[in-house]
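Reviewing the structure listed below.
Coordinate-derived values only; no laboratory data. Since the structure is predicted, the reported quantities are computational estimates derived from the model, not experimental observations. Heads up, the Cβs are rebuilt from the backbone with ideal geometry, glycines too, and the neighbour counts pull from every protein chain shown.
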Amino acid sequence: MANTGRLLGHHALLTGTGGGIGLAVLAAYLAEGAICTAIDLADTPGEAIEALLKAHRSQLDYVAADVADAACVRAVIAKATEKRGPISRLFNNAAIFDLAPVTEASVESFDRVFGVNVKGMFFTMQAVLRQMIEHDVKGAIVNVASQAGRRGEPLVAHYCASKAAVISYTQSAGLAMAPHGIRVNAIAPGITDTPMWRTVDQLYAQSMGLPVGEPTQRFIGAVPMGRMGQPHDLAGAAVFLASDDAAFITCQTLNVDGGTVMS
């Protein structure tokens, strides 16, 4: 992907940047000229973010925060705005996964999954939107949904429902923010080769009595393009939706899944 400075001058907040899609998009936003505040749960940045910090020291700050803690996120956003100026782009990516049959899916699992995937997503978006309006910023939000949010699945009811909520909140927020010149869109990845997916594969294998790796091969068999997505496959869509190239696009969820879902 050619870097053309499409995000030059923008302050972007990104969540869930420790690896996988979040890390790939962080690197892409930096390459496109954005000033970035990267959030992840780890107290200290991992090696990959350390490398980005060294390469883009004037552009990048790392903050440890739990997006499920709305007060913590509001404080991070206030401090980042004070240091780097108003946030004009949000890549809202932090998420967790869990798996259980519908009859066994627990309250504890529900609270964990919805706490991060829905509560964390929504209240991070809300806090950023409030400061965009306060500073009269014509911004852009990119939430991360999933192909799982397009349908139900028997073993991952909580996760599917949480990602369906991301799609719905994206539509509602996009409609609400259109008069302010703020765009709200989402990306729905398919199966993607990330640290989270390796956990997903292991949970499916355990639940289905299969060897580790076999669930992944079965899922790949349903992808028309015949392979897993890679984190960099999502970065182009994330840059596009955050850039002025998508100036007339809002309330949409873009499938980036090798053709698995058509809409």
**Q.** Likely footprinting exposure, Ser58, Ser88, Ser162, fewest C-beta neighbours within 10 Å first
**A.** Ser58, Ser88, Ser162
Q. Do any GluC sites (Glu not before Pro) in the range 102-196 lie in a loop, going by DSSP, with at most 12 other beta-carbon atoms within 10 Å of their beta carbon, and if so which?
A. Glu104
Q) Contour minus end-to-end for Ser263 and Ser58, with contour as 0.36 nm per residue of separation and end-to-end as the Cα-Cα distance? A) 69.8 nm
Q: Could you pull out which residues in the range 24-41 have an amide N less than 18 Å from a spot 7 Å beyond the Cα of Gln230, following the Cα-Cβ vector?
A: 24-29, 31
(Q) Which trypsin sites (Lys or Arg not before Pro) in the range 101-176 sit in a loop by DSSP (not H, G, I, E or B) and have at most 14 other Cβ atoms within 10 Å of their own Cβ? (A) Lys138, Arg151
(Q) Please arrange Cys251, Cys36, Cys72 by how many other C-beta atoms lie within 10 Å of their C-beta, fewest to most. (A) Cys72, Cys251, Cys36
Q: Just grab the label-to-label distance for Val212 and Leu8, each label 7 Å out from Cα along the Cβ direction, in nm (one decimal).
A: 4.6 nm
(Q) Given Cβ point charges of +1 (Lys, Arg) and -1 (Asp, Glu) and nothing else, what value in debye, to the nearest 20, does the dipole of the chain about its Cα centre take? (A) 540 debye
Q: Scan around Leu254 for amide H atoms under 5 Å from its own, H built in the peptide plane at 1.01 Å from N, and keep only partners 5 or more places away or cross-chain.
A: Ala186, Ile187, Ala188
Q.
Could you work out [θ]222 nm for the chain from helices alone, using -39500 (n - 2.57) per DSSP H run of at least four and dividing by all its residues? Round to the nearest 500 deg cm²/dmol.
A. -13500 deg cm²/dmol
Q: Return the sequence-ordered ³J(HN,Hα) values of the range 187-193 in whole Hz as given by the Karplus equation 6.51 cos²θ - 1.76 cosθ + 1.60 applied to θ = phi - 60°, using x for Gly and Pro.
A: 10, 10, x, x, 5, 9, 6
